[in-house]
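The values are calculated or read from the model by the stated rules, or taken from the named source; none is laboratory data. Values in this document were obtained by computation on a predicted structure and should not be read as measured data. In this analysis, Cβ positions are derived from the backbone assuming ideal geometry, glycine residues included, and neighbour counts consider all displayed protein chains.
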Amino acid sequence: MKMSWDDLALFLAIADAGGLGGAARLTGVSQPTLSRHMARLEAGLAKRLFHRGARGYALTAEGRALVPQVRALKRGAEGIEVWAQERAAARPVRFSAGTWSSLWIAGRIGRVWDVGASWRPVFLSADAKMDIARREVDVGLRNLQPDQPWLAARPLRQITYAAFARDGDVRGWVVSGHPARPTPSARWTRSHHGNDITAEANDPRLAAQLAQQGLGRIVLPVFAADLVPGLLRVSDDIDVLAHREWLVSHQDTRNDPPVRAALDALAELLGG
């Protein structure tokens with residue numbers, strides 16, 4: 001039995017159009033050529049697919065039985081085409097980190113990524129941890145080494161914190177973050193300077209702008225100082241807040257080529 005997908009595709013076009021004329025208009029293939037293809041298909045299958053007469057081509061019982069099978073083949077071929085296009089395109093890799101880390105990485109990612117990479121970054125800035133186990137993200141930047149066995153973690157740079165202000169005479173304090181989900185720096189500020197808080201904001205960038213305007217001092221990661229012009233460091237390191245960053249991914253996906261490429265690029269950028 002010999003057949004080609006081209007013959008089957010033309011067969012389906014004739015069946016859908018109800019004859020050679022409609023199929024010729026649909027496919028751009030001439031009626032004589034369509035006729036030759038159908039004769040070849042019938043010979044290969046050893047089946048009579050059409051009644052040929054003055055009124056044109058009409059499907060036989062065997063022809064009608066073949067239609068759904070060819071239609072299923074067409075869906076499969078279309079699915080393969082979509083799959084091939086998706087595999088050829090750069091895969092999105094979703095990355096979550098806190099606000100300052102996200103901004104710092106976004107401003108430097110061009111050092112380790114370009115448009116020819118096998119992955120494309122999708123940034124999801126979130127001070128609350130997004131769930132890698134439930135695949136909310138592919139890669140996360142964490143302040144603690146995870147202890148779940150299904151997560152893989154790579155140690156990165158050491159993060160230090162200090163107080164910053166518009167100038168050394170500023171005495172109040174600005175605190176940022178959601179009260180129900182306080183960051184360690186927000187907890188430290190409330191614990192040590194709760195009576196001196198002069199302004200609050202639910203977004204770290206807003207809080208930093210308030211500090212820029214002189215409303216108070218603010219605790220920031222030291223690396224973030226470059227992201228907030230006009231603020232001066234006004235304290236030593238706050239040792240209790242210091243921590244190592246960890247690049248975290250799921251054990252099941254960390255060796256997928258696009259995820260692995262993203263992990264390696266981010267580790268290079270972040271000193272891991």
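Quick look at the values:
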item: Pairs where the first residue, in the range 173-187, is more than 17 Å from residue 215 (Cβ to Cβ) and at pLDDT below 90 and the second is crowded, with 20+ Cβ neighbours inside 10 Å and of a type outside the set (Val, Ile, Thr), C-beta under 7 Å, 6+ apart; result: 183/127; 183/177
item: Residue 225 in contact (Cβ under 8 Å) with a residue 24 or more places away in the chain, closer than 23 Å to residue 108 by Cβ and in a helix (DSSP H, G or I); result: yes
item: Complete set of residues in the range 14-34 that are more than 18 Å from residue 70 (Cβ to Cβ) and either acidic (Asp, Glu) or buried (at least 17 other Cβ atoms within 10 Å of the Cβ) (or both); result: 24
item: Residue count, the range 155-173 (criterion: surrounded by 14 or more Cβ atoms within 10 Å (Cβ to Cβ) and closer than 15 Å to residue 241 by Cβ); result: 7
item: Subset of the range 34-43 [within 47 Å of the chain's Cα centre (by Cα) and under 13 Å from residue 4 (Cα atoms)]; result: 37, 38, 41
item: Selected residue (criterion: farthest from residue 102 (Cα to Cα)) from residues of the range 188-209 that are under 32 Å from the mean Cα position of the chain (by Cα) and charged (D, E, K, R); result: 203
item: Residue 137, sole failed condition from (1) in the same structural domain as residue 98 (by TED's automatic domain parsing); (2) surrounded by fewer than 19 Cβ atoms within 10 Å (Cβ to Cβ); (3) of a type in the set (A, V, I, L, M, F, W, C); result: (2)
item: Selection count, the range 52-68, where residues are modelled with pLDDT under 90 and farther than 11 Å from residue 14 by Cβ; result: 4
item: Among the candidates 255, 195, residue that is assigned to a loop (DSSP other than H, G, I, E, B), of a type outside the set (Ser, Thr, Tyr) and without any contact (Cβ under 8 Å) to a residue 12 or more places away in the chain; result: 255
item: Enumeration of residues in the range 175-224 that are under 14 Å from residue 164 (Cβ atoms), surrounded by fewer than 20 Cβ atoms within 10 Å (Cβ to Cβ) and of a type in the set (Val, Ile, Thr); result: 222
item: Filtered residues of the range 70-98 (kept if at pLDDT 90 or above and over 23 Å from residue 261 (Cα atoms)); result: 70, 71, 72
item: Tally of residues being out of contact with any helix residue (DSSP H, G or I) (no Cβ under 9 Å at 6 or more places or on another chain) and surrounded by fewer than 14 Cβ atoms within 10 Å (Cβ to Cβ) across the range 225-241; result: 3
item: Which numbered condition residue 215 fails, given (1) part of a loop (DSSP other than H, G, I, E, B); (2) aliphatic (A, V, I, L, M); (3) closer than 24 Å to residue 137 by Cα; result: (3)
